[in-house]
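Colleague: Below is a structure I'd like to ask you about.
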Amino acid sequence: TPHGLSFHSALCFLGLVFLATEGKEEASAAENNPLRVPQRKPGERSSVLYSPGQFFFEYLVVVSLKKMSDGRYEPKITYQFPKRENLLKGQKEEEERLLQAIPLFCFPDGNSWAPVTDYTDFTSETFSFVLTNVDGSRKIGYCRRLLPSGRGVRLPEVFCIISCLGCFGLFSKILDEVEKRRQISMAVIYPFMQGLRESPFPAPGKTVTIKSFIPESGTELIELTRPVDAHLEHVEFQALLQRLSPHLILHIFASAVLERRLIFLAEELSVLSQCIHAVAALLYPFTWAHTYIPVVPECLLDTVCCPTPFMVGIQMRHLERVLDQPMEEALIVDLCEGKILRAVGDEEEILPIKLQNEMLTSLNRHNNNNNVHTSEQVNTLVSEAFVQFFVRTVGHYASHIKWSKNGSGTFQERAFCKAIASKTNRKFVKKFVKTNMFSLFIEEAEKSRIPQEGKR
């Protein structure tokens, strides 16, 4: 494959990929939500890899296109901050694997590049990718592709911030500051990123202020604020609503909730990453626990042949190649035209019809509500509709965990399903309990008991 990265070594980052902030975030769960996730015991490994006070990022890298002897352009890291020294052998090997994979995802569209002659024809683009290492640790790459200022022909370059923190709005603002400084000089970026690295990551709803000096402008104060609702800070539901009808969104949700194979197509990298993050976020408080690649690099298109569940984004230019692959049943979504190109055929029947209609009414109301303006308002309203779906179908799970004297719990699946009065709800739940996402959720619930109201 191109870039010196084999298919299998690249996939070592892509095994079971979880959104870094998706799913089980105890701090943001409402107290009256029966689907809130149990608190972990001290020392237990959390699926959420950050806490307030952690570093904003691990690396800032610049990936540039270098012309090879055969005339093709290959992405290479040309700048890295910070440079790490005195790493242990295992840490050094992990860093090398990470730095080898990053260029592939910064330029997933392959090697067919040509120098840009007109700056006005080029639009900077923001997108993201998720990498999962062999030990299950996750990293997000926040990317800004731009064209360096200057005269004459130039090639685009990508500024990529690697972090285990999932907060896309925050990092988009950071990339705005990086891009602004890049137009002045690379030298101005370093002190800004150093100041950022020395600042603690704020708690939800809190703000951190970074001081940064810019020649001829003086010292600037840059305020970075996290949204109050931490589980929605990595998502932009409006991106999905702008491209797909509520009816199609429910078909996609139905496929995702049963952990099927989903392929999303668009030309813009930003559209792919935004929409796939939004689809995965519809599953909250459950977590997509399978292969998850918001933008599939050209050399990894064989991913669609995988027999296990996946959620991937592919650029529209590769549509014919994707359709020619010997893939199993999959839902293929065209985000450009807002339509489904290929479906299993039963998507309309997966969700209980009454709950499906309620969600459809809610999405249509939010879509047509002119009083809703902000991204956070849209995120909250959409998320509530899907959380209520899970509350109505599986919100009684805690009543069917049998606790032993030593504090460990055992989920009583048969009694749990039998307790559902509605036949259509029960039919859905019997399928849903077999999914990996439900199993992972219940495993965590069994580890730590939540005292029921009035009981201790």
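The values are calculated or read from the model by the stated rules, or taken from the named source; none is laboratory data. Here the structure is a predicted model, which means the values were calculated and not measured. Methodologically, a virtual Cβ is constructed for each residue, glycine included, from the backbone with ideal geometry; neighbour enumeration extends over all protein chains shown. Heavy atoms of the whole protein, side chains included, go into the accessibility calculation; ligands, DNA and RNA do not. Shrake-Rupley method; radii C 1.70, N 1.55, O 1.52, S 1.80 Å.
Colleague: Could you say whether any residue in the range 299-317 is assigned by the TED database to the domain that holds Glu443, of a type outside the set (Gly, Ala, Ser), over 26 Å from Cys106 (Cα atoms) and over 17 Å from the mean Cα position of the chain (by Cα)?
Modeller: Scanning the range 299-317 turns up at least one residue that is assigned by the TED database to the domain that holds Glu443, of a type outside the set (Gly, Ala, Ser), over 26 Å from Cys106 (Cα atoms) and over 17 Å from the mean Cα position of the chain (by Cα).
Colleague: Restricting attention to strands (runs of 3 or more DSSP E) lying wholly within the range 287-398, give those where 1 or more residues are open to solvent by less than 10 Å² (accessible area, probe 1.4 Å), touching a Lys or Arg at 6+ places or on another chain (Cβ under 8 Å) and under 22 Å from Phe129 (Cα atoms).
Modeller: 310-315, 331-334
Colleague: Would you be able to say whether some residue in the range 272-285 is farther than 23 Å from Val382 by Cα and assigned to a helix (DSSP H, G or I)?
Modeller: no
Colleague: Then there's this: So Glu93 passes all but one of these: (1) in contact with an Asp or Glu (Cβ under 9 Å, 6 or more places away or on another chain); (2) open to solvent by 20 Å² or more (accessible area, probe 1.4 Å); (3) among the acidic types (Asp, Glu). Which condition number does it fail?
Modeller: (1)
Colleague: Looking only at the range 399-427, which residues are of a type in the set (Gly, Ala, Ser), more than 20 Å from Lys354 (Cβ to Cβ) and either in contact with an Asp or Glu (Cβ under 8 Å, 6 or more places away or on another chain) or surrounded by 11 or more Cβ atoms within 10 Å (Cβ to Cβ) (or both)?
Modeller: Ser399, Ser408, Gly409, Ala415
Colleague: What number of residues in the range 188-221 are among the charged types (D, E, K, R), farther than 16 Å from Ser163 by Cα and either open to solvent by 80 Å² or more (accessible area, probe 1.4 Å) or touching a residue at least 40 places away in the same chain (Cβ under 8 Å) (or both)?
Modeller: The number of residues fulfilling the criteria is 3.
A quick yes/no check of all residues on (1) at pLDDT 75 or above; (2) outside any helix (DSSP H, G or I); (3) of a type in the set (A, V, I, L, M, F, W, C):
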residue	(1), (2), (3)
Pro42	no, yes, no
Ser47	no, yes, no
Ser51	no, yes, no
Gly71	yes, yes, no
Gln80	yes, yes, no
Arg84	yes, yes, no
Glu94	yes, no, no
Asn111	no, yes, no
Leu131	yes, yes, yes
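Colleague: Among the listed residues Glu384, Glu329, Glu320, Glu349, which satisfies the condition of being within 21 Å of Leu241 (Cβ to Cβ) and acidic (Asp, Glu)?
Modeller: Sole residue among the options that is within 21 Å of Leu241 (Cβ to Cβ) and acidic (Asp, Glu): Glu384.
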